[in-house]
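We did not get these values from a lab; they are worked out from the coordinates using the rules stated. None of the values given here were measured: they were computed from a predicted structure. Glycine gets a Cβ as well: all are built from the backbone with ideal geometry, and neighbour counts include every protein chain shown.
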Amino acid sequence: MQTLVNGEPIAPEWIEEEFSQIKSWHEQRSQLSCCERDDEFRAQARDNVIGRVLLNQAAEKEIPDPTSEQIQAAVKQLHKDYGGEEAFLATMGLNEGQKSFVDRQVVVNLKADQLIANFSKDLQHPEEDALLAYYREHSEPYTSESRVRALHIFKSLRQSEDKDQLFKECCKVRERLGSGEDFETIAREFSDKPAEEIDLGFFKRGELMDEFEFVAFSMQVGEVSPVFSSYHGFHLAKVLEIEPPVITPFEEVREAVLEAWMQEKRTIADSGIHSST
């Protein structure tokens, strides 16, 4: 069933595009794997799109059209942001004949921005204690991701015609490691990777292949993994160090926290706009 907002239809692709952006942001923050929160993100996307449509409808009713000078300045800024007019049109998938569409969209955006500004102009900066409390309650954007430093032994399936035999050899190597032999020494002798790729240094989620990360981030310092496989071959890992997430001190991110606080208040004002339409 098509979604209508005050009689205006919402194109399904708008919601899908918003959904893709939301999911991509969370994936980059390593907060999900695959599709576990798709329903939540799609619902959020739908709400976001409906909110924008309501905002634009209210702005159309209440805000006068911008002047031609304001429209030209906004279009010029768009071109600058994208590295020139040609780059902007290419990124947006537009051609020369669609410039009027850009102008119309700029008008919509300028009017919406003005309406939000009208509702939020009386916002006062929070007291320092209130801002600090907000920072503590919303610390995720200012928190570094956990990192692991690990050693790696790799045996390529391309180097062996007998997969079962190769697995048994890897298990024997793990037995040697379990008896106390030095990981790096054995890796230099046994691994199919060059010596400089034994110590992987510190890495966070999303930087290495999934199979390796799933194992490495489940281990404790000093622990040697079981033999595990990937598409490429068999692996052994040893965790040397774990860096837990660290919250950036408030003093270093105060301006970013203030902007986030102000944006939340603008969103509340935006909701007030919606409820009045």
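Can you show me the helix-derived [θ] at 222 nm for the chain, built from DSSP H runs with n ≥ 4 at -39,500 (n - 2.57) apiece and divided by the number of residues, rounded to the nearest 500.
It comes out at -18000 deg cm²/dmol, rounded to the nearest 500.
Using +1 at the C-beta of Lys and Arg and -1 at the C-beta of Asp and Glu, which of G201, Q263, P244 has the Cα lying farthest in the positive direction of the dipole of the range 197-266?
Result: Q263.
Counting only other residues whose beta carbon sits under 14 Å from that of D103, what net charge do I get with K and R as +1, D and E as -1?
Net charge in that neighbourhood comes out at 0.
Return the sequence-ordered ³J(HN,Hα) values of the range 133-138 in whole Hz as given by the Karplus equation 6.51 cos²θ - 1.76 cosθ + 1.60 applied to θ = phi - 60°, using x for Gly and Pro.
For the range 133-138, the Karplus-derived couplings read 5, 4, 4, 5, 7, 10 Hz, x marking Gly and Pro.
Work out from phi, with θ = phi - 60° and the Karplus expression 6.51 cos²θ - 1.76 cosθ + 1.60, the ³J(HN,Hα) of each residue of the range 125-132, listed in order in whole Hz, and give x for Gly and Pro.
Per residue, the Karplus-derived 3J(HN,Hα) values read 5, x, 5, 4, 5, 5, 5, 5 Hz.
Anyone know which of L115, L132, L89 comes out most mobile in the 10 Å Cα GNM of the chain?
Highest fluctuation among the options: L89.
Give the calculated FRET efficiency between A11 and T185 to the nearest 0.05, with a Förster radius of 51 Å applied to their Cβ-Cβ distance.
Here the calculated transfer efficiency is 0.25.
Roughly how many debye, to the nearest 20, is the charge dipole of the range 147-243 about its Cα centre, given +1 on each Lys and Arg Cβ, -1 on each Asp and Glu Cβ, and no other charges?
That gives the range 147-243 a dipole magnitude of about 120 debye.
Using amide H atoms built in the peptide plane, which far-off residues or other-chain residues are under 5 Å from V227 H to H?
Residues meeting the criterion, in which the H sits 1.01 Å from N, do not exist here.
Mind ordering 59-66, 186-193 by average Cβ neighbours within 10 Å, highest first?
Listed from highest to lowest mean packing, they are 186-193, 59-66.
Among (1) 1.45; (2) 1.15; (3) 1.02, find the value of Cα Rg over 2.2 N^0.38 Å that was calculated from the structure presented, and write down its label.
The value computed from this structure is option (1).
Pull up all non-local amide H partners of A150: gap of 5 or more, or a different chain, and H-to-H distance under 5 Å with H placed in the peptide plane.
Result for A150 returns L200, G201, L240.
Which is farthest toward the positive dipole end of the chain among P9, L166, A74, measuring Cα position about the Cα centre, with Cβ charges +1 (Lys, Arg) and -1 (Asp, Glu)?
Checking the options against the dipole of the chain, the answer is L166.
From the phi angles alone, apply the Karplus equation (6.51, -1.76, 1.60; θ = phi - 60°) to the range 200-209 and give each ³J(HN,Hα) in whole Hz, x where the residue is Gly or Pro.
Those phi angles translate into 7, x, 7, 8, 10, 4, x, 9, 10, 5 Hz.
Express in nm, to one decimal, how much length is gained between E223 and S156 on full extension, taking 0.36 nm for each residue of separation and deducting their alpha carbon distance.
Contour length minus Cα-Cα distance gives 21.9 nm.
Over its Cα atoms, what ratio of radius of gyration to 2.2 N^0.38 Å does the range 149-277 give?
Scaled against compact globular proteins, the figure is 1.65.
Dipole of the chain, Cα-centred, from +1 at each Lys and Arg C-beta and -1 at each Asp and Glu C-beta, to the nearest 20 debye?
280
Give the lysines whose C-alpha is closer than 27 Å to that of K155, dropping any in the same chain fewer than 8 places away, or say none.
The qualifying lysines are K163, K168, K172, K193, K204, K238.
Under a cut-off of 25 Å between alpha-carbon atoms, report the lysines in cross-link reach of K111, not counting same-chain residues fewer than 8 places apart.
Those lysines meeting the cut-off are K61, K76, K80, K99, K121, K265.
Given the options M219, M209, M92, state which has the largest fluctuation in a GNM of the chain using a 10 Å cut-off (strictly under) for Cα springs.
M92
How large is log10 I(q)/I(0) at q = 0.26 Å⁻¹ when the Debye formula is applied to the Cα atoms of the range 198-247, each weighted equally and without solvent?
Log10 of I(q)/I(0), two decimals: -1.16.
Rounded to the nearest 0.05, what FRET efficiency do F167 and S144 have when you use their Cβ-Cβ distance and R0 = 35 Å?
0.40
Assuming R0 = 30 Å, what is the FRET efficiency of S100 and E207, from their Cβ-Cβ distance, to the nearest 0.05?
Computed FRET efficiency for S100 and E207: 0.10.
Test of understanding: extend the Cα→C-beta vector of A195 to 7 Å, then name every residue of the range 133-176 with backbone N under 19 Å from that spot.
151-155
Kindly state, as a whole number, the per residue volume in cubic angstrom of the convex hull around the alpha carbon atoms of the range 228-268.
173
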